[in-house]
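**Q** First, the structure itself, so that you have it in front of you.
The values are calculated or read from the model by the stated rules, or taken from the named source; none is laboratory data. Everything numeric in this text was worked out from a predicted model, so none of it was measured. As a convention, Cβ positions derive from the backbone with ideal geometry for all residues, glycine included, and neighbour counts pool all protein chains shown.
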Amino acid sequence: MLPATLLLVFIGCFSAGAQAPATDPFAHPPELESDVRFWIRVYTEVSTDQGLLHDDWNLGLVYEVLRFDPADSPRQREHAVAQAKSRYADLLRRFAAGNIEDLSAHERRILHAFGEKAGPAQFRDGIGRIRFQLGQANRFHEGLIRSQAYGATISRVLADRGVPAEIGALPHVESSFNPAAYSRVGAAGLWQFMPATAKRYMRVDGLVDQRLDPYSATEAAANLMLYNYRLLGSWPLAVTAYNHGPGGLRRAQDDLGTSDIAVIVKRYQGATFGFASRNFYVAFLAALEVDRNAEKYFGPLTHPPEAPSTLVTVPDYIAIDALGKAFKADLGALKVLNPALRAPIWSKARFVPRGYALRVPGLPQAADIAAAWARVPPAERYLAQRNDGAHKLRRGESLASVAAVSGVTLNRLLAANGWSAPRTVARGEVVRIPLPSSRAEGTETQSIAAATPGTPAPQATPAQAASAPDAAAPAAAPAAASIAKLPPPPKEPVSERQAESTALLPAASPTGNADTTDYGVGAGNTVVVQAAETLGHFADWSKVSSQSLLALNKLHKNAMVTLGHKMKLDLSRVTAAQFEAARRDYHQQLQESFFAAHRISGTEDYVIKRGDSLWIIAQQHADMPVWLVAEYNPDVDFGDMRPGTSIALPRVEAINRQ
């Protein structure tokens, strides 16, 4: 524990840093100040060879600073933590038994931390709250150095999207600004996106994972933050939703009747609102304070040398080694600059996708880029992605994502496997993949080439090759960031144990599902109709006839269910849990299929006009499904839309995932 004088210094330091301008969108409630100070200690005082044994509810109560020998194994560290927890559990049992005589100064401090009115129950409860937090000071220091490579781009992207600049400190909490960071739960990259959420905003599949590209991931994080803010109306809640999910925070608002972050942090008792979610906002405030005053905490910082690079758009399907030769670039340098490209491309089992925004070293001019494309021989340009005809499903893959990566439609993939409709598939199952279609139609030569994976494409002229086929290009890095300043990633893949330890909070990553819709069965076996649902769906999920549901709800035989209305279910043949699972699976399939070929690039406002309906609004915007419009506007009654009302519409772009 810190001496009292040093603790006062820390209180003063935080108070000074917390005096933000009046326009600061991030609240600094007094009730959360001791929690913020705790995380400042974690980030600046205690290294990864140390840790704080503390009360997981009252972060002001730190039992002891544990110190490990750097040579200790994980098992030895776990044993030391367990022993320390046992010692303090015994002490709290003594307090609960009323044995408070002959205490040391250290023991008296712990007793007084529980308060004068604490009784046996409070001490016994405290036993279960003893928690260990590994220090992060050395990692935070490394992150401050790494952050200089991305700071300018992050600031510009956030400003362009109207997101507060303070959000730029969030990667300190998520990954210590390590673009190669992975977590055991599946989050990846600088912003630690989970796959399901990431696929809404960028390309994540077997060939490309843009979560690992710091620029694409920053654009995605800005769009996700705007989505959270529109749903929740508060930047502190938007930050918390980055960890807990916007749906969970909306439930917290409803349960407590408030948007006050301090009340929610201290009082919300949601089943999944655990230590990480409860501490995410205060950890962010602590990271922001340290980031703003880095030299005060760590002294002068040295920064890595700048390494300029340039974005070029790949005009055909081309192997990575051919691209290296064309741009006279070492494959190691290309790998550092293009962390989003996955193993099949580096092993040359697959081509770099047509339209991909590739980073190459240096600052080549347009003429240099045209000359590089001219150096790629016709025999090394292809019309379609290389394909092996079969694929063994990996964890997290769906039929929609496999179809997108393979360059075929979902319907063609289903037909090739003898399936008439999308189905749930298991990890390890082998899926037959039909041959991909040509990227261009209209000539016999191109059609024949498309029928054979690996057929050379006609060579583009230097002028054509230098131009970017942006209609099919995946999300590229911001234009202003064409000159990258990337530090090298780790030389070896990060092990699972190392990857998990990079997270400053347990499971500190965006929720695995950005869908805020409530698919649960309510009281009286009722559900609220959601977008893209029909009476037939409810009948299928309930394993009853449509006629019986019509009769149960006293509806005419030609009646249609309407978004937002309540329907009563017949659950005599399935349980509520089984119905909910089938319903969620249907919506998950809809979303996976859509985001296998589209991404959200931003949000815009739309003013409802006379005669508008949800269907009409969706039809007016290409590639906009009704469920996505409804998802962005959960509080709008689309059955009673008033002209002049403003709603939010996501900007949707079709992307090439071949």
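**Q** Only one of Leu323, Leu311 is of a type outside the set (Phe, Trp, Tyr), assigned to a helix (DSSP H, G or I) and over 24 Å from the mean Cα position of the chain (by Cα). Can you tell me which?
**A** On inspection, the qualifying residue turns out to be Leu323.
**Q** On to the next question. Out of Ala367, Ala371, Ala333, Ala390, I need the residue that is closer than 30 Å to Pro179 by Cβ, surrounded by fewer than 19 Cβ atoms within 10 Å (Cβ to Cβ) and either without any contact (Cβ under 8 Å) to a residue 40 or more places away in the chain or of a type outside the set (Val, Ile, Thr) (or both). Which one?
**A** Ala333
**Q** Name the pairs whose Cβ atoms lie under 8 Å apart, with the first residue in the range 416-430 and assigned to a loop (DSSP other than H, G, I, E, B), the second surrounded by 11 or more Cβ atoms within 10 Å (Cβ to Cβ) and among the basic types (Lys, Arg), and 6 or more positions between them or separate chains?
**A** If the second residue must be surrounded by 11 or more Cβ atoms within 10 Å (Cβ to Cβ) and among the basic types (Lys, Arg), the pairs left are Asn417/Arg432; Arg427/Arg394.
**Q** Name the residue, out of Glu289, Glu295, that is free of Cβ contacts under 8 Å to residues at least 60 places away in the same chain and outside any loop (DSSP other than H, G, I, E, B).
**A** From the options Glu289, Glu295, the qualifying one is Glu295.
**Q** For the range 553-593, enumerate the residues that are in contact (Cβ under 8 Å) with a residue 60 or more places away in the chain, surrounded by 18 or more Cβ atoms within 10 Å (Cβ to Cβ) and closer than 28 Å to Asp640 by Cβ.
**A** Leu563, Arg583, His587, Gln591
**Q** Then there's this: Out of the residues in the range 275-312 meeting the condition of being in contact with a Lys or Arg (Cβ under 9 Å, 6 or more places away or on another chain) and hydroxyl-bearing (Ser, Thr, Tyr), tell me which one is nearest to Arg375 (Cα to Cα).
**A** Within the range 275-312, the match that is nearest to Arg375 (Cα to Cα) is Thr310.
**Q** Among the residues of the range 208-222, is there at least one that is in a helix (DSSP H, G or I), surrounded by fewer than 19 Cβ atoms within 10 Å (Cβ to Cβ), among the hydrophobic types (A, V, I, L, M, F, W, C) and not assigned by TED's automatic domain parsing to the domain that holds Arg93?
**A** no
**Q** Could you list, in sequence order, the residues of the range 199-241 that are free of Cβ contacts under 8 Å to residues at least 40 places away in the same chain and of a type in the set (A, V, I, L, M, F, W, C)?
**A** The answer is Val204, Ala217, Leu232, Leu237, Ala238.
**Q** Moving to a separate point now. Given Ala121, Ala96, Ala80, which one is over 21 Å from Trp57 (Cβ atoms) and at pLDDT 95 or above?
**A** Exactly one of Ala121, Ala96, Ala80 is over 21 Å from Trp57 (Cβ atoms) and at pLDDT 95 or above, namely Ala80.
**Q** Based on this model, can you work out whether Gly245 counts as under 17 Å from the mean Cα position of the chain (by Cα) and on the phi > 0 side of the Ramachandran plot?
**A** So Gly245 passes the test.
**Q** Helices (runs of 4 or more DSSP H) wholly in the range 91-202 with at least 1 residues that are charged (D, E, K, R), in the same structural domain as Arg292 (by TED's automatic domain parsing) and surrounded by fewer than 20 Cβ atoms within 10 Å (Cβ to Cβ) - which ones?
**A** 151-161
**Q** Would a scan of the range 552-561 turn up a residue that is touching a Phe, Trp or Tyr at 6+ places or on another chain (Cβ under 9 Å), in the same structural domain as Ala576 (by TED's automatic domain parsing), closer than 25 Å to Ser613 by Cβ and modelled with pLDDT under 90?
**A** Yes - at least one qualifying residue is present in the range 552-561.
**Q** Taking the range 531-548 on its own, how many of its residues are surrounded by fewer than 19 Cβ atoms within 10 Å (Cβ to Cβ) and part of a loop (DSSP other than H, G, I, E, B)?
**A** Qualifying residue count for the region: 5.
**Q** Out of the range 227-244, which residues are farther than 20 Å from Leu285 by Cβ and surrounded by 19 or more Cβ atoms within 10 Å (Cβ to Cβ)?
**A** If the condition is that a residue be farther than 20 Å from Leu285 by Cβ and surrounded by 19 or more Cβ atoms within 10 Å (Cβ to Cβ), then Tyr227, Leu231 are the ones that fit.
**Q** Of the residues in the range 391-415, how many are of a type outside the set (D, E, K, R) and in a loop (DSSP other than H, G, I, E, B)?
**A** 6
**Q** Among the residues of the range 330-359, what is the count of those that are within 23 Å of the chain's Cα centre (by Cα) and of a type in the set (S, T, N, Q)?
**A** 1
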